[in-house]
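Okay, so here's the structure we're looking at.
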Amino acid sequence: MFRSLRGLLHRYFLQLMTEASCLEWALVLAIILRDAMAVLRTTNAARSADVTAEAVRRLRKALQDVCAWTDCECLGYKSFMLAISNQIPFLTSIINTRERRLSMAKPRVRTSSTSSLTTPEPKPQAPQEPKLPPPQKAQEVSKQSVRKDSPKAAPAPVENKVQITQLPPPPRQDETATGCALM
């Protein structure tokens, strides 16, 4: 009875870890339970978008380490680990796919001199000048106002006659313009 209760607890923890996306702990529990289908579900869950590529790498490394451990020290798990060892290449393909997607998302430019692909370096942005309104069209000059036979010499300057008018003299001190006397 104690053994079945422990198995139930392990299965309960496996379900919790799987639902919480704690895939490394779910893998450990699936291996303890020797449940190949749980290992398969765990590695399939690694394809989810919410699982980072680093988490998938750790999952693959954990599976590789447990396989190496069973080869050297724990022969009781050897047959089980042989049955699930095909999940290592599956996890590797997930990692490669994600890396390929990331490399395709980065812009790449082919240079003319070397014909090699390089990533463009960000150019420092010059300060933006304020945009000016578009230029206005100049007024069209009518053909009537243009003279074809205009003189070659400049016209003589015209004298401006300015008429100067005298201002009235300032008022005397004793006169008041406002009607108020200064005391």
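What the table shows:
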item	result
The stretch 86-102 residues that are under 14 Å from residue 67 (Cα atoms) and touching a residue at least 12 places away in the same chain (Cβ under 8 Å), paired with ones that are in a helix (DSSP H, G or I) and among the β-branched types (Val, Ile, Thr) (beta carbon under 7 Å, 6 or more apart)	87/39; 87/43
Residue list for the stretch 59-79, filter: surrounded by fewer than 16 Cβ atoms within 10 Å (Cβ to Cβ) and either within 39 Å of the chain's Cα centre (by Cα) or not polar (S, T, N, Q) (or both)	61, 64, 65, 68, 69, 71, 72, 73, 74, 75, 76, 78
Qualifying residues in the stretch 27-54 (those that are without any contact (Cβ under 8 Å) to a residue 24 or more places away in the chain and closer than 14 Å to residue 94 by Cα) - the one surrounded by the fewest Cβ atoms within 10 Å (Cβ to Cβ)	49
So residue 59, is it out of contact with any strand residue (DSSP E or B) (no Cβ under 8 Å at 6 or more places or on another chain), without any contact (Cβ under 8 Å) to a residue 40 or more places away in the chain, in a helix (DSSP H, G or I) and not acidic (Asp, Glu)	yes
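Here, each number is a calculation from the coordinates, and none is a lab measurement. Keep in mind it's a predicted model, so treat the numbers as computed, not measured. Cβ sites come from the backbone with ideal geometry, for glycine too, and all protein chains shown count toward neighbours.
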